[in-house]
Amino acid sequence: MTDMTDTIFASLSDIGLGPQRIDRARSGDALFGTGGLLNSIELVQFIVALSDRTGMESFDFMESFEGGTGVFDSIASLSGFILGRKPQDVAV
């Protein structure tokens with residue numbers, strides 16, 4: 001796992017996501033959207049936790065929605081989005 005992936009999983013733990021759902025995220029299940037692991041309230045909590053851990057603005061994550069899920073389609077897409085930001089924009 002990468003440091004960013006660890007940060008994402010730590011943020012999921014921060015919001016109280018249980019081990020079964022975290023295992024599903026590790027398996028590639030969508031984080032949000034139809035059949036996703038997070039409901040809308042959990043998504044907001046996750047964005048706040050992830051923003052705190054990365055130093056990114058919460059609105060950067062919310063503006064990234066495409067087709068309903070955006071970067072929250074998977075851990076891989078979310079990690080790529082965060083790592084694709086300018087290094088000075090992201091505190092890992």
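The values are calculated or read from the model by the stated rules, or taken from the named source; none is laboratory data. Keep in mind that what you see is a predicted model, and the values were worked out from it rather than measured. Heads up, the Cβs are rebuilt from the backbone with ideal geometry, glycines too, and the neighbour counts pull from every protein chain shown.
Quick notes
- Only one of the numbered conditions (1) assigned to a helix (DSSP H, G or I); (2) modelled with pLDDT of 85 or more; (3) surrounded by 12 or more Cβ atoms within 10 Å (Cβ to Cβ) is violated by Phe61, and that is (2).
- Scanning segment 70-92 for residues being surrounded by 14 or more Cβ atoms within 10 Å (Cβ to Cβ) and modelled with pLDDT under 65 gives a total of 1.
- Looking only at residues of segment 9-18 that are crowded, with 16+ Cβ neighbours inside 10 Å and in a loop (DSSP other than H, G, I, E, B), we find that the one that is modelled with the lowest pLDDT is Leu17.
- Search result, residues across segment 20-37 that are under 16 Å from Ser79 (Cβ atoms) and crowded, with 18+ Cβ neighbours inside 10 Å: Ala25, Ala30, Leu31, Phe32, Leu37
For (1) in a helix (DSSP H, G or I); (2) out of contact with any helix residue (DSSP H, G or I) (no Cβ under 6 Å at 6 or more places or on another chain); (3) of a type in the set (Asp, Glu), each residue gets a yes or a no:
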site	(1), (2), (3)
Gln20	yes, yes, no
Ala25	yes, no, no
Gly35	no, yes, no
Ile41	yes, yes, no
Ile47	yes, no, no
Asp52	yes, yes, yes
Ile82	yes, no, no
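- Residue within segment 39-50 that is of a type in the set (Gly, Ala, Ser), at pLDDT 95 or above and either closer than 21 Å to Thr2 by Cα or in contact with a strand residue (DSSP E or B) (Cβ under 7 Å, 6 or more places away or on another chain) (or both) present: yes
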